[in-house]
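To keep things clear, I will list the structure first and then write my remarks on it.
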Protein chains: 4
Amino acid sequence: MCRWLSYLGPEAYLDSLLFEPKYSLVQQSLAARKSVCATQGDGFGLGWYGDHADPGLYREALPAWNDRNLRSLARQLRARLFFAHVRASTGTDTARSNCHPFAYDKWLFMHNGQIGGFDRLRRRLEAKIPDELYPFRAGTTDSETAFYLLFRHGIERDPVAALRAVLVDIEDERAAAGIDEPLRFTAALSDGRRVVAVRYASDDKPPSLYWRQDGATTVVVSEPLDGEAQSWNRVPANHFLISAPDQRVALCPVAA
Amino acid sequence: MCRWLSYLGPEAYLDSLLFEPKYSLVQQSLAARKSVCATQGDGFGLGWYGDHADPGLYREALPAWNDRNLRSLARQLRARLFFAHVRASTGTDTARSNCHPFAYDKWLFMHNGQIGGFDRLRRRLEAKIPDELYPFRAGTTDSETAFYLLFRHGIERDPVAALRAVLVDIEDERAAAGIDEPLRFTAALSDGRRVVAVRYASDDKPPSLYWRQDGATTVVVSEPLDGEAQSWNRVPANHFLISAPDQRVALCPVAA
Amino acid sequence: MCRWLSYLGPEAYLDSLLFEPKYSLVQQSLAARKSVCATQGDGFGLGWYGDHADPGLYREALPAWNDRNLRSLARQLRARLFFAHVRASTGTDTARSNCHPFAYDKWLFMHNGQIGGFDRLRRRLEAKIPDELYPFRAGTTDSETAFYLLFRHGIERDPVAALRAVLVDIEDERAAAGIDEPLRFTAALSDGRRVVAVRYASDDKPPSLYWRQDGATTVVVSEPLDGEAQSWNRVPANHFLISAPDQRVALCPVAA
Amino acid sequence: MCRWLSYLGPEAYLDSLLFEPKYSLVQQSLAARKSVCATQGDGFGLGWYGDHADPGLYREALPAWNDRNLRSLARQLRARLFFAHVRASTGTDTARSNCHPFAYDKWLFMHNGQIGGFDRLRRRLEAKIPDELYPFRAGTTDSETAFYLLFRHGIERDPVAALRAVLVDIEDERAAAGIDEPLRFTAALSDGRRVVAVRYASDDKPPSLYWRQDGATTVVVSEPLDGEAQSWNRVPANHFLISAPDQRVALCPVAA
């Protein structure tokens, strides 16, 4: 399982979330070294919105805990909205093109979980990627496929509806192919202004997802960045979370 | 344009062809440094047949001239049949999964050239990859797609016919999509016993391809490994070359 | 802490020890993913003796568990004597030049442990590297420094004495610099024929080291490759282990 | 030979110099592909001053022309002062730690050229690195050694004098060791406010160095970024160039 975080709020240095907290994202990537038993050592990525509508992207196949470039970038870069992701491969290659976040135009997307039986679904799902986006497919992950599927569902008009429609696409194909392995899907999507996150599973085991709003700052994370789980809110299973500047976080069920 | 070589003959150390000749393959990768004006610095790969039916594979995204592992492996490894390839990307990512040779089961394949207009053909061509091989697609190159297409055409029974059929597949899709950019295709394929190479173009500019047979040894190369071009034979445009142990090299036209 | 193994015996495929055993070395590198809480994800390396007096070397900064080249090489390569190492950095960069084993001429060396206070000792210890070897220093680890120090102590004549003398060198400099952090040193050295291993610490906590001799095969490992610890022998603290073809393993104390 | 550029002026996006000009630095790295015969494919690096006194650093062992992270960073990052470097190794490993620029505290340094006979000088020169900086030595290049030598010569007080003193250090050791190979040294140094560059050789072949001042902007480059050499000024052999905000570029001879 991967770990990710999204930040929306006043301009902040990336290292304030990536390195400084007790259970920072980079700490989580090597947690196994310390006390928890899980390693996310199969690459990582950063996406952030700067002066342009399209986000910056820094992805690397090395473990995050070892990358001096990451440390330097996180110290120098400030943003009002950024995504960070540390990867534990569920089978595909360790390569930059398989690292999250994925970016296209102004959009950023990252995912934790797994489309069960993806080997048998891959061809069906890739066949649904819009023609004009197909050549941009650069890797082989289920996550990148899901990202490009968003663009067949009016992501521009309604990103929440697009995410919901992609979950339906995947569920339909799982049913058609008779896949038993579950779909687990905890993801975040942004257009540079708002963040939409989702916590979903076809069974009763969706990956964990937490959020905290503190003034103008909203952070969504796979797991709390400090030891105080009680100060974080759990996103309910099969719910969307919508975070926009100067608004309270909204939650709404996936099944509308 | 990439550069490649294939070797078939008595067991030989790989560095005898990769490093030692005056214009060795690794020398060709950095030729630009010396006098010729072309760089193949976008990764490289080795495939060789050892004790197993399936080949060994070593691929790396670094330039070949800088890889100490390559130098050590080429010094230690011996084989009766091996492929080596240095890559100059025609647009896709520099990643191991885009480096040649490609391997599946007992087969090795490598390619120099370009399927013109591949961005517009990719989806059509990938749709023809047999279901059972589709999940093995690990990169995004036109070359890897061509490799997996071979398996829909009875590669086991007749590799030459399979290569011919893939060229027809590509030409058909180029015509259907109204692609003007040429198809250039110089490739080698092996089952561990024989080597089939092809030099083809849809226009009159197929990439160069040379061969030399010396006793039991047959070497096929993108360009001669020494300065003596006269001691090498040019594969005619739009021809296959078939090389098998203890047999004279055979040439036959692509258009049968 | 790193993990390593050395093999001496009848020619064997490397994957028989690197991948196949239940607690194979590669499994140990990602142990954290499963149940044990330690990750060796900061690169790895292989050294093996083939047809030449000098060993082959394959080192990579990626985690071992993710490297397809390693899997392919381990499947294809056979050797009568090989070393393998998975690294958990104690502070220095993740780079190939910091990965073990280190090779010079016919010698291979790898190390698990740490020269405590190395930052304060580095200059003193590097100053003792023989002039003719100084330019070969390619990384920044304490381990590589220890390796090159061996060559000032008649390694060719008596490798055990050379290892002992290097431990004395380090202890002398630790004393001179008033270093409190312990010296922990579990290492293996080979000339292509014999393997000399050592388990040493300046305090009472030397890293673990086990061995098993089964007919003509001797394997020395940081930790047992299967769950049956009782079938492995522990190298006593502050002892050398000497393994040569057709001889019983010999143990002798570091303090002669 | 490497290629580098330094920029001092109003805040500018890095890609305005790294990617956009006709002979941009990245274009120079793969020039060989086009028409000129030289490849700088052995890694690259960026250093820039942002909000902190210490610079950001992004270094990578891949060729610059292939790095998507570089493209994204150069598009997003703005700075009033930045260095960029593409490397052609003169023998040392291709590794991030050998890529320029080098950074320590607030200082950035990069170099093009070669300390002839460095293998025989390395130990003598490294012995002169101040004790407190010795542990920061992360690579094996002559350039990094030269950088750390600056700190024994009052770099803080007078960076020009420090550069001059390092050239004397190297010349002294070359003389003492009887080195015939020339010293070639074109370098840039910054404290985040000013840029000091130097063009020096022990023979009459110093690497090329050009500058252009246009209003508040001063760019110093190994070779012109456009085809109009006449619009660039050549730094005279064996001269320093000093560039500070709101001041005209100053030149002064190395031999004071």
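The values are calculated or read from the model by the stated rules, or taken from the named source; none is laboratory data. Given the structure is predicted, the values throughout are model-derived calculations rather than measurements. Cβ coordinates were reconstructed from backbone atoms using ideal geometry, including for glycine residues, and neighbour counts include every protein chain displayed. SASA here: full protein model, heavy atoms, side chains in, ligands and nucleic acids out. Shrake-Rupley method; radii C 1.70, N 1.55, O 1.52, S 1.80 Å.
Computed values, structure above
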{"item": "Ranked order, D:243, A:16, A:89 - accessible area, probe 1.4 Å, largest first", "result": "A:16, A:89, D:243"}
{"item": "Shortest-first distances to equivalent copies, position residue A:10, nm, label 7 Å out along Cβ", "result": "2.9, 7.3, 7.9"}
{"item": "Residues listed by number, the stretch A:125-161, amide nitrogen under 11 Å from residue B:127 label point at 7 Å toward C-beta", "result": "A:127-128, A:131"}
{"item": "Given charges at beta-carbon only (K, R positive; D, E negative), |dipole| of chain C in Debye", "result": "400"}
{"item": "Over chain D: helical MRE at 222 nm, DSSP H runs n ≥ 4 each giving -39500 (n - 2.57), nearest 500", "result": "-6000 deg cm²/dmol"}
{"item": "Residue B:248/residue B:78 FRET efficiency (R0 22 Å; Cβ-Cβ; nearest 0.05)", "result": "0.35"}
{"item": "Helical segments meeting 18 Å axial Cα length and Kyte-Doolittle 0.0 threshold in chain B (DSSP H)", "result": "B:159-177"}
{"item": "Whole-percent carbon and sulfur share, accessible surface of the stretch A:34-151, 1.4 Å", "result": "45"}
{"item": "At most 10 other Cβ within 10 Å, DSSP loop - trypsin sites (Lys or Arg not before Pro), the stretch C:194-256", "result": "C:248"}
{"item": "Hits among aspartates and glutamates - C-alpha to C-alpha of residue A:205 under 13 Å, sequence gap 8 or more where chains match", "result": "A:181"}
{"item": "Residue of chain C whose Cβ sits closest to the axis mapping C onto D, with distance in whole Å", "result": "C:95, 2"}
{"item": "Using a Förster distance of 25 Å, the FRET efficiency for residue D:134-residue D:255 (Cβ separation, nearest 0.05)", "result": "0.25"}
{"item": "Where labels lie 7 Å past Cα in the beta-carbon direction, separation of residue B:205 and residue A:204 in nm", "result": "6.6"}
{"item": "Shortest-first distances to equivalent copies, position residue D:105, nm, label 7 Å out along Cβ", "result": "4.3, 5.0, 6.6"}
{"item": "Cβ-vector label at 7 Å, residue A:234, separations to other copies in nm", "result": "4.3, 7.3, 7.4"}
{"item": "Sequence-separation-based contact order of chain A, relative, with Cα cut under 8 Å and 6+ spacing, percent", "result": "20"}
{"item": "Two-site label geometry, residue D:16 and residue A:228: point separation in nm, points 7 Å out along Cα→Cβ", "result": "4.4"}
{"item": "Efficiency of FRET between residue B:176 and residue C:51 - r from beta-carbon atoms, R0 60 angstrom, step 0.05", "result": "0.70"}
{"item": "Inter-chain shielding of C:65-78 (mean C-beta neighbours from other protein chains, 10 Å cut-off)", "result": "6"}
